[in-house]
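Undergrad: Let me begin by handing over the structure; questions about it come next.
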Amino acid sequence: MADNNVADSPQLSELVSFLQTLPEPHILCDRNYRIIAANDAYRANWLDQQDVVGRKCYEVSHRYDVPCDQAGEFCPLQRSLRSGQRERVLHLHHTPRGESFENIELSPIRDASGEIVYYIEKLEPLPGARSQAHAQGLIGRSPAFVRMMEMVARVAPSDAAVLLQGESGTGKELVAGAIHRISKRADQPFVAVDCSGLPETLFESELFGHERGAFTGATARKTGLVEAAAGGTLFLDEVGDIPLSIQVKLLRLLETGTYRRVGSPELRKAEIRIISATHRPLAEMVETGSFRQDLFYRLNIFPIFLPPLRERGDDVLLLAEALLARVAGGRKLTLSAAAQAWLVGYPYPGNVRELRNLLERACLLCDGDEIQREHLPASENVEFSRSTAIFAQKPPPPDFATLARNFKGSRKALAQQLGLSERTLYRRLKMAGLL
Ligand SMILES: Nc1ncnc2c1ncn2[C@@H]1O[C@H](COP(=O)(O)OP(=O)(O)OP(=O)(O)O)[C@@H](O)[C@H]1O
């Protein structure tokens, strides 16, 4: 770690030996992006590489010739110079093991006059996210994808409820898993519940468990999914498909953090973090009354929008290469220039899932080593796959007017069922022409 340039300055050498005590990779930079020192944890990542001291941070981490903000990315150093505060960003960095997402935290160090003279930069790799072709985790490097990953990195360490919204096949389940793996609950269970596949009658006993004899057929005590996820993460997939009658039960769990097994008076504490996902427009469903507003607020503490593949530019080819390696069953396949051109131009209504399916089919059709244009769908099939993608979506739940007309109870009961105040309900009824 010792650096001849810095040994003369007592203040600096103190800083440098402080960095050395830190277990995470750290570097010290000046205001001009020059790396002045790097601790052993950082150097361990750069084994066998040219020394980084004296080089510019953007050149080492990005192989750019200019600072990040001039290359179209956020530069935490520039931000910190402006704000005078500590700044955090997520960057895709070149490392000796390939590209990897890293959480960067930059803390300014001031001299006696208050002027910022150095920056301490902490670099922590984000587990579960890579841009490399053969990684098993989330793949992408487009600006839309990096923006999403930045949100993932920010929320993961907290216990905040996350709502993942995005079209079908955009990777919501994968992102939920990544949040769990980055969180402090990573060593505890990750339990996924497909809410659309859960019949109304089973919802409570599946989620909360039941006692022996709680209802006909309950021949033994059953542990619920909330209990199975204890200490970890409960992932509620397709949360927009939960019927109104059940939404209230979920709300109670979120509001009180407690639940009861069916057939048991004992109140149990739920030690879980909730991540939910939906491809439905939940905010609109709240407007039309098919999703409870209060439950929406509880789930939507930290919303993350997953970009559709058609907005992810070059990620298509990056993903295609990685997914090809995953579906090719050990064969080493490449994509011809014409196949690549078709893949880049296709709009992917079924997103990454559809890309994966197209490649799986192409592998089966291809006898050689290179996937050709003809192994991919003819243009008329594009419409076919689009209609199947739409067909795969479930019918929307009934709208507010239908619900309100068919409701048998009082207006107060209807307001309660919809999670609205009576005043809001009155306004909605009026707008729907029902008053
Ligand atoms: N960024 C990504 N990198 C690698 N694979 C991905 C990525 N995004 C999605 N996939 C793959 O695409 C497929 C669909 O992903 P996933 O099931 O997570 O989507 P989803 O948004 O939850 O879909 P749905 O709304 O239909 O449940 C999976 O095979 C997943 O591994």
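Undergrad: Any residue at all in the range 45-53 that is among the β-branched types (Val, Ile, Thr) and either more than 31 Å from the chain's Cα centre (by Cα) or surrounded by fewer than 19 Cβ atoms within 10 Å (Cβ to Cβ) (or both)?
TA: Among the residues of the range 45-53, at least one is among the β-branched types (Val, Ile, Thr) and either more than 31 Å from the chain's Cα centre (by Cα) or surrounded by fewer than 19 Cβ atoms within 10 Å (Cβ to Cβ) (or both), which makes the answer yes.
Undergrad: Another question, if that's okay. Take the range 326-371 and flag every residue that is part of a helix (DSSP H, G or I), on the phi > 0 side of the Ramachandran plot and free of Cβ contacts under 8 Å to residues at least 40 places away in the same chain.
TA: Those that are part of a helix (DSSP H, G or I), on the phi > 0 side of the Ramachandran plot and free of Cβ contacts under 8 Å to residues at least 40 places away in the same chain: none in the range 326-371.
Undergrad: Would you be able to say whether some residue in the range 145-155 is in a loop (DSSP other than H, G, I, E, B) and closer than 14 Å to residue 304 by Cα?
TA: Among the residues of the range 145-155, not one is in a loop (DSSP other than H, G, I, E, B) and closer than 14 Å to residue 304 by Cα, which makes the answer no.
Undergrad: If you go through the range 287-325 one residue at a time, how many are assigned to a loop (DSSP other than H, G, I, E, B) and of a type outside the set (A, V, I, L, M, F, W, C)?
TA: 9
Undergrad: Evaluate the following for residue 154: is it of a type in the set (D, E, K, R), within 11 Å of the chain's Cα centre (by Cα) and away from the ligand (no atom under 15 Å from the Cβ)?
TA: yes
Undergrad: Every residue in the range 304-345 that is within 23 Å of residue 165 (Cβ to Cβ) and not aliphatic (A, V, I, L, M), please.
TA: Within the range 304-345, 305, 307, 308, 310, 311, 312, 313, 315 meet the criteria.
Undergrad: Of (1) more than 13 Å from the ligand (Cβ to nearest atom); (2) within 28 Å of residue 52 (Cβ to Cβ); (3) at pLDDT below 90, residue 113 satisfies all except one. Which?
TA: (2)
Undergrad: Can you confirm whether residue 329 is within 16 Å of the ligand (Cβ to nearest atom) and under 21 Å from the mean Cα position of the chain (by Cα)?
TA: No, not satisfied.
Undergrad: Filter the range 372-413 down to residues that are touching a Lys or Arg at 6+ places or on another chain (Cβ under 9 Å) and at pLDDT 75 or above, then give me how many there are.
TA: Residues meeting the conditions: 4.
Undergrad: Could I ask something else about it? Looking at (1) over 18 Å from residue 174 (Cα atoms); (2) within 16 Å of the ligand (Cβ to nearest atom); (3) among the small types (Gly, Ala, Ser), which one does residue 277 not meet, given that it meets all the others?
TA: Unmet condition: (1).
Undergrad: Scan the range 69-89 for residues that are touching a residue at least 12 places away in the same chain (Cβ under 8 Å) and farther than 17 Å from residue 119 by Cα and report the count.
TA: Final tally of qualifying residues: 3.
Undergrad: Would you call residue 311 within 21 Å of the chain's Cα centre (by Cα) and either exposed (fewer than 15 other Cβ atoms within 10 Å of the Cβ) or of a type in the set (Lys, Arg) (or both)?
TA: yes
Undergrad: Something else about it: Can we say residue 266 is more than 16 Å from the ligand (Cβ to nearest atom), in contact (Cβ under 8 Å) with a residue 24 or more places away in the chain and of a type in the set (Asp, Glu)?
TA: Criteria not met by residue 266.
Undergrad: Quick check: is even one residue across the range 232-252 of a type in the set (Lys, Arg), free of Cβ contacts under 8 Å to residues at least 12 places away in the same chain and either in contact with a Ser or Thr (Cβ under 7 Å, 6 or more places away or on another chain) or in the same structural domain as residue 182 (by TED's automatic domain parsing) (or both)?
TA: Looking for residues that are of a type in the set (Lys, Arg), free of Cβ contacts under 8 Å to residues at least 12 places away in the same chain and either in contact with a Ser or Thr (Cβ under 7 Å, 6 or more places away or on another chain) or in the same structural domain as residue 182 (by TED's automatic domain parsing) (or both), one finds at least one in the range 232-252, hence yes.
Undergrad: Against the condition within 14 Å of the ligand (Cβ to nearest atom), charged (D, E, K, R) and within 15 Å of the chain's Cα centre (by Cα), how does residue 147 come out, does it pass?
TA: Answer is yes for this residue.
Undergrad: With the structure loaded, tell me whether residue 284 is within 23 Å of the chain's Cα centre (by Cα) and on the phi > 0 side of the Ramachandran plot or whether it fails that test.
TA: No.
Undergrad: Kindly evaluate residue 103 against the criterion of being under 30 Å from residue 144 (Cα atoms), among the polar types (S, T, N, Q) and assigned to a loop (DSSP other than H, G, I, E, B).
TA: Answer is no for this residue.
Undergrad: Do we have any residue at all in the range 122-139 that's over 25 Å from residue 301 (Cβ atoms), at pLDDT 90 or above and crowded, with 19+ Cβ neighbours inside 10 Å?
TA: yes
Undergrad: Something else now. Working only within the range 205-231, note down all residues that are hydrophobic (A, V, I, L, M, F, W, C) and surrounded by 18 or more Cβ atoms within 10 Å (Cβ to Cβ).
TA: Hits for the range 205-231 are 207, 208, 225, 226, 229.
The values are calculated or read from the model by the stated rules, or taken from the named source; none is laboratory data. Remember, it's a predicted structure, so these values are computed and weren't measured experimentally. Virtual Cβ from ideal backbone geometry, glycine too; neighbours counted across all protein chains shown.
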